[in-house]
1. Test Ala70 against the stated conditions and say whether it is under 17 Å from Ile176 (Cβ atoms), at pLDDT 90 or above and in contact with a Phe, Trp or Tyr (Cβ under 6 Å, 6 or more places away or on another chain).
2. Against the condition assigned by TED's automatic domain parsing to the domain that holds Val125, over 18 Å from the mean Cα position of the chain (by Cα) and of a type outside the set (Asp, Glu), how does Lys87 come out, does it pass?
3. Applying the selection to the range 46-74, what residues are touching a strand residue (DSSP E or B) at 6+ places or on another chain (Cβ under 6 Å), buried (at least 18 other Cβ atoms within 10 Å of the Cβ) and assigned to a strand (DSSP E or B)?
4. Being in contact (Cβ under 8 Å) with a residue 24 or more places away in the chain and at negative phi is the filter; apply it to the range 124-139 and report the residue that is surrounded by the fewest Cβ atoms within 10 Å (Cβ to Cβ).
5. May I ask you to list the residues in the range 18-45 that are out of contact with any Lys or Arg (no Cβ under 8 Å at 6 or more places or on another chain), in a strand (DSSP E or B) and either in contact (Cβ under 8 Å) with a residue 24 or more places away in the chain or closer than 27 Å to Arg175 by Cβ (or both)?
6. Just for strands (runs of 3 or more DSSP E) wholly inside the range 116-202: which have at least 3 residues that are under 25 Å from Glu44 (Cα atoms)?
7. Failed condition for Gly91, given (1) on the phi < 0 side of the Ramachandran plot; (2) in a strand (DSSP E or B), with all others met?
Amino acid sequence: METVLPVLNNDFGTVGGPQWRTGIIEKRTGHEQRNIDLDDPRREWSMGERGMLEADLDALLEFHTMVRGAAIGFRFLDQADHKASTKQLLGFGTGALATFQLVKHYGESAYEYVRPITKPIAGTVAVYVDDVLQASGWTLDAATGIVTFAAAPALDAVVKATFQFHVPVRFKEDRIRHKFEMFTNDGKWFSVSPVTLIELPQ
């Protein structure tokens, strides 16, 4: 689903981030052998237990019901990592290749990690060929992050882009628990159990 989660995007206090999986074997000598078990981290965010007015809770419950709990994925804005302000290298022209996947680079050494960006935010993507902004001549599939040129870039042309993006996620649990606490001047007040989101593998 291409819908953006409406309630948690700007929710202060949401805790989360990337999690890798490393297999560590400690030898009798004390040395370690470390194996990377995941090629890509899996990110997770949790909105801890907190209070909500009835209108906000209604919006959360409506969305949770629409996506059938943990069944259907959606978009989430990670406030800590949702943009590439510097130009990101997408690839080099061959004279025939017309499609390029948006990616974000982390680091610049031999250990550089390249993250595919599959949920760009429409209207935020700028494409460059040999550092020249391309005002037209290309289209973006906002559901996949693939840029398609009307005419393939020339041989060895450098294709780059800047953009903002969402993360594809789902609810980690099939239920949301809440407790009615009191009436306030602004309406009913509820306490809501923690809500956790987990990134969908791409």
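1. Judged against the criteria, Ala70 is a match.
2. So Lys87 passes the test.
3. Met47, Met52
4. Kept after step one, since they are in contact (Cβ under 8 Å) with a residue 24 or more places away in the chain, are these residues of the range 124-139: 124-131.
Narrowing the set further to residues that are at negative phi leaves 124-129.
Numbers: Thr124: 15, Val125: 20, Ala126: 12, Val127: 25, Tyr128: 16, Val129: 18.
Looking at residues that are in contact (Cβ under 8 Å) with a residue 24 or more places away in the chain and at negative phi, I get Ala126.
5. The answer is Trp45, and nothing else.
6. 158-164, 167-171, 187-192, 195-199
7. The number of the failed condition is (1).
Residue-wise test of (1) of a type outside the set (S, T, N, Q); (2) over 30 Å from Val132 (Cα atoms); (3) touching a helix residue (DSSP H, G or I) at 6+ places or on another chain (Cβ under 8 Å).
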site	(1), (2), (3)
Arg43	yes, yes, no
Ser46	no, yes, no
Met52	yes, yes, yes
Gly69	yes, yes, no
Phe76	yes, yes, no
Thr86	no, no, no
Thr94	no, no, no
Ser109	no, no, no
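The values are calculated or read from the model by the stated rules, or taken from the named source; none is laboratory data. Source: prediction; values computed, not measured. Note that we place each Cβ from the backbone using ideal geometry, even for glycine, and neighbour counts take in every protein chain shown.
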